[in-house]
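The values are calculated or read from the model by the stated rules, or taken from the named source; none is laboratory data. Computed from a prediction, not measured in an experiment: that's the story for all the values here. Here Cβ is always computed from backbone atoms with ideal geometry, including for glycine, and neighbour counts include all displayed protein chains. We work out accessible area using only protein heavy atoms, side chains counted, and drop any ligands, DNA or RNA first. Shrake-Rupley method; radii C 1.70, N 1.55, O 1.52, S 1.80 Å.
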Amino acid sequence: MNRKRVYLLLALLFTCGVAVYFGSLMTTHPKQISGNGNLGLIFLPVLLLFFLPIVSGWTNLIEAVDQRWLAIGVIALPVLLTSGYRNQQIEFEKYRTYVIDVVMNQEGRGDLAYAKSITSDVFSTYMNNQLFNLNTFLMYIGLSIWVSILIVLFQKKKLTNPNESL
């Protein structure tokens with residue numbers, strides 16, 4: 001893989017990291033009232049749009065890696081992604097409890113239905129830091145690497161067994 005492609009992959013990953021950072025900055029503090037919509041979701045299409053070029057970059061980068069290491073990656077990465085997802089669920093519930101507590105203790109905003117509505121899902125402006133954080137960024141990178149490994153393994157299998165069809 002030439003340097004130009006490596007730099008392009010790094011630029012894409014950096015851009016996605018910046019998108020995650022700015023998405024996290026768009027989190028509304030529980031003591032504020034936000035009626036402007038969730039501007040952090042603007043960065044979600046960037047992450048989706050760049051996913052395939054990132055997978056392509058990883059695929060080109062790991063083609064030369066030994067198949068044994070790729071097999072380990074196929075098994076290890078889903079375990080890491082699952083643990084990252086579980087950690088994210090735990091952190092989401094902790095932060096949700098915190099936001100509900102802050103809203104319930106505010107003068108004039110102590111409505112439980114309102115507090116639950118602003119923390120009901122990850123797409124709420126009060127919960128942006130749960131959608132855009134280091135853990136989810138690492139999961140994004142891990143998923144792109146895992147998909148790339150699968151592609152490379154399927155390509156290598158196809159080259160070793162050209163008469164077999166999927």
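So that you can scan it fast, the table gives a plain yes or no per residue for (1) exposed (fewer than 14 other Cβ atoms within 10 Å of the Cβ); (2) more than 19 Å from the chain's Cα centre (by Cα); (3) free of Cβ contacts under 8 Å to residues at least 24 places away in the same chain; (4) assigned to a loop (DSSP other than H, G, I, E, B):
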residue	(1), (2), (3), (4)
Ser24	no, no, no, no
Thr27	no, no, no, yes
Pro30	no, yes, no, yes
Gly40	no, no, no, no
Phe43	no, no, no, no
Val65	yes, yes, no, yes
Asn87	yes, no, no, no
Glu93	yes, no, yes, no
Thr97	yes, yes, yes, no
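Does Lys116 count as at pLDDT below 90, closer than 23 Å to Gly37 by Cα and not in a loop (DSSP other than H, G, I, E, B)?
Numbers: at pLDDT below 90: yes; closer than 23 Å to Gly37 by Cα: yes; not in a loop (DSSP other than H, G, I, E, B): yes.
When the stated conditions are applied, Lys116 passes them.
Look at the stretch 98-111 and say how many of its residues are modelled with pLDDT of 80 or more and either over 18 Å from Asn135 (Cβ atoms) or among the hydrophobic types (A, V, I, L, M, F, W, C) (or both).
Let us first name the residues in the stretch 98-111 that are modelled with pLDDT of 80 or more, namely 98-105.
Cutting the leftovers down to either over 18 Å from Asn135 (Cβ atoms) or among the hydrophobic types (A, V, I, L, M, F, W, C) (or both) gives us 99-105.
Within the stretch 98-111, residues that are modelled with pLDDT of 80 or more and either over 18 Å from Asn135 (Cβ atoms) or among the hydrophobic types (A, V, I, L, M, F, W, C) (or both) number 7.
Enumerate the pairs (first residue in the stretch 7-19 and part of a helix (DSSP H, G or I); second residue anywhere and open to solvent by less than 20 Å² (accessible area, probe 1.4 Å) and of a type in the set (Val, Ile, Thr)) with beta-carbon separation below 8 Å, excluding pairs fewer than 6 apart on the same chain, so at least 6 apart or on different chains.
Leu9/Ile54; Leu12/Ile54; Leu13/Ile54; Cys16/Ile54
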